[in-house]
1. I'd like the full set of residues that are in a helix (DSSP H, G or I) and either in contact with an Asp or Glu (Cβ under 9 Å, 6 or more places away or on another chain) or among the hydroxyl-bearing types (S, T, Y) (or both), limited to segment 148-165.
2. Would you check if G75 is of a type outside the set (D, E, K, R), at pLDDT below 90, on the phi > 0 side of the Ramachandran plot and in a loop (DSSP other than H, G, I, E, B)?
3. Applying the selection to segment 295-312, what residues are touching a residue at least 60 places away in the same chain (Cβ under 8 Å) and not small (G, A, S)?
4. Counting just the residues of segment 103-142 that are part of a helix (DSSP H, G or I) and touching a Pro at 6+ places or on another chain (Cβ under 9 Å), which one comes out farthest from I166 (Cα to Cα)?
5. If you scan segment 259-276, which residues turn out to be of a type outside the set (D, E) and over 17 Å from N164 (Cα atoms)?
6. Going through E116, E80 one at a time, which residue ends up being without any contact (Cβ under 8 Å) to a residue 24 or more places away in the chain and within 29 Å of E371 (Cβ to Cβ)?
7. In segment 545-591, which residues are touching a helix residue (DSSP H, G or I) at 6+ places or on another chain (Cβ under 6 Å) and without any contact (Cβ under 8 Å) to a residue 12 or more places away in the chain?
8. All but one of (1) farther than 19 Å from V386 by Cα; (2) at pLDDT below 90; (3) under 21 Å from the mean Cα position of the chain (by Cα) hold for A404; which doesn't?
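The values are calculated or read from the model by the stated rules, or taken from the named source; none is laboratory data. Small disclaimer: the values here were computed from a predicted structure and weren't measured. Positions of Cβ are generated from backbone atoms using ideal geometry, with glycine treated the same way; all protein chains shown enter the neighbour counts.
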Amino acid sequence: MSRRIRSLPSILQNAFLSVVSALVFLVLAESAGLLLERDEPAPHESGFAANWDETGGEFFTAIGWSGGVHFNHEGLRDREHALHKLPGTRRVMCLGDSTTYGQHLRPEEAYPQVLERLIEERGGGVEVFNVALSGWSARQQLIAYRRICRKYAPDQVILGICLNDIGDMQNNLSRPPAILTALHRRSALVRRVVGAYDREIRGVRDLFEAPLPSKVRRGYTLLFEEIRLLRDEARADGAGLAVLVFPFRFQLEPDAPPPIPQKAIEDFCAREGIVFLDLLPAFLQLGPDSFECDHHFGASGARLVAREILDKELVMPPDRPAVRIPPGGVSGLLRALEDFDPRVRIAAVSALGQAGTQEAFGGLIRALADENENVCLSAERQLEGVRLGPSLLPELIQTFHGNAGLCHAVAARAIGLIGADAHSATPALVSGLGDQRSDVRRWTAWALGQIGPGAQAAVPELVRCMPDREMGWTALEALGRIGPGAKLAVPSILSELRDDRAAVRRLSAQALGRIGPVARQAAPGLMRALRDDRPEVRIAAIRALVRVEADPRKVTPALDRMLEDTQDHGMRLELEAALRKLRRRVRERGS
């Protein structure tokens, strides 16, 4: 017994040394991970480590977490579409993931948008929908068909398959442990060990093994089950299904393996009677430079996909007689806006947009109130990007007041296009913030943000909109654009820094920074945001602390510590720029 007691201190010493050694090893390993990660792209988050709860569970769209105005009310990166299509018009739904969505591309460069433009050049008659989002697999695409596509009465469905979808089908059946998600965001060592992106690439290369690993066979089974369901449901709705397979960039290299996965999917489609298009042969002609990364092609690749769809006749425009509009220049086009046939009115709208005169723009504004949503949206498309003059504002306000529904939303957007000169429309727009339709509320808030400081009277109503999960982020952006006049909103914006959505936290910090020095009371909350688990929130907080002119004596030490602790190149640049400004401010005050 006495020998055991005498040996206890040595046991404790050994245990202590073991713990210290382990901690030292972890610190060194984390430092090495940061150094290796410094010149690499931002840490990749995939099904291996993504937090499903933050993106909405099994199915999600961009509603509630995207601050971009390029998303429609369905939460998709697409223009608005009328619920009911025109007679003689066909509708094509392009379902997919980030490749169809147009990752790394501008919205107009994504292949569905390019496809629609090419069809319009050949006579039109086809509406193309981009129903895709980064992170979706075939399961989410089937849900998107049920929840979104079906109500628009599609005639054709085009399902774009990326080779990583096969592995994603298995990943999407289970959620990663919360502890793994948290560690993956905070630790370079964990990101290195998990190797989510490398695992995804290895998962794709497993598709080319012979014989196929059991997990690959399971992935194919799950994928094919979803495609069958989509085929059956589309067929029941009177729509056809075509399957596209996008290649990976390594398949374009000289030593690429045989296209085993393309052949497997082609054989499945042949057995099931599904139209199939393998895009690998076309991309081989274009070469590896058509890709931005391993599986996202560039603008030239998107144009290639659109042309292949047309050349292979996957989309057939309807046979319909040409629409004739009365002669007489702009005055004749304005008369055509009263025609009983909505197709004539749409043709007149298109011609008025090309005329480009103030009189033509006035006609387009009147067309925003058309009872047919297709005409209304056609007028909106012609006005998009046009710098409207304030002389048209009274007519726009009248259109906004005198209509409801979709026309209400597009009129609000047209007012926003005028910008700061539309400040007299603020009272009218405030009334739209209480509309039942989320798209009306969203575009109204967006328009107030475009007006900027002149929309100060809208601040109380915008604050009331902030809890709205469908458009609260737009209200936050508008408050930031109003600037110092939104001072009364600062306490409410501060509370949004604790929102469960990273995009809202980022926009909150950004709004506080734009409000400027009158929001200096937000400095403590912004200091807490420096510890946020998302880098984009931390960067927004760093910038905001400088813009609200927080006390440099309190902020500088915190930023110095962050600079010592991070090896992320982008974060270091942000911190160094902020510290230079803060120290210059101290010198100026001292002098």
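1. Answer for segment 148-165, where residues must be in a helix (DSSP H, G or I) and either in contact with an Asp or Glu (Cβ under 9 Å, 6 or more places away or on another chain) or among the hydroxyl-bearing types (S, T, Y) (or both): I148, C149, R150, Y152, D165.
2. When the stated conditions are applied, G75 passes them.
3. H295, H296, F297, R303, V305, R307, I309, L310
4. Ranking the candidates gives I119 first.
5. F268, C269, A270, R271, G273, I274, V275, F276
6. Just a single option satisfies the conditions, and that option is E116.
7. none
8. (3)
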